[in-house]
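The numbers here are math on the coordinates, done by the rules we state, and not lab data. Not measured: the values here are computed from a predicted model. Every residue, glycine as well, gets a Cβ built from its backbone with ideal geometry; the counts of neighbours run over all protein chains shown.
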Amino acid sequence: MTSSAFAALGDPTRRRILELLADGEQAVGTLVAALASERVIAQPAVSQHLRVLLAAGLVTARADGTRRLYALDPAALQDAAGWLSDLAGRPRPFVQPLDALATEVARGRRTVRRSVRPDDAGAAVS
């Protein structure tokens with residue numbers, strides 16, 4: 001999985017375009033109409049987002065007469081899902097040190113409790 005694909009996924013408009021393309025191939029005009037009903041966006045902006053998604057390999061385009069139809073690239077999505085799955089399956093490096101920190105905090109609390117005796121408690125408060 002390339003960093004350009006994840007960079008492309010970092011934009012909420014591009015993620016929304018991918019969600020719309022999950023329903024199947026669509027022309028730019030259809031995407032513009034769907035996005036315009038949710039937020040103000042012009043056709044050139046949608047085209048720019050599609051260029052970024054194409055460059056990242058997340059979508060494909062094919063000519064249909066005078067228009068271009070865009071679709072999700074299943075292979076790219078599988079690559080992204082595989083990369084995320086591999087990442088999720090790796091050992092988490094911070095878990096053990098955080099567990100050790102919790103143990104040390106508990107040990108410190110026990111030490112403080114043991115060092116304060118009932119007859120010292122009143123003297124410590126005054």
All positions within the range 15-44 that are surrounded by 13 or more Cβ atoms within 10 Å (Cβ to Cβ), touching a residue at least 24 places away in the same chain (Cβ under 8 Å) and either assigned to a helix (DSSP H, G or I) or aliphatic (A, V, I, L, M) (or both): 17, 18, 21, 27, 28, 31, 41
Number of positions in the range 48-67 that are surrounded by 15 or more Cβ atoms within 10 Å (Cβ to Cβ) and either assigned to a helix (DSSP H, G or I) or not hydrophobic (A, V, I, L, M, F, W, C) (or both): 7
Close pairs from the range 72-85: first touching a residue at least 24 places away in the same chain (Cβ under 8 Å), partner loosely packed, with under 11 Cβ neighbours inside 10 Å and among the charged types (D, E, K, R), Cβ under 8 Å, at least 6 apart: none
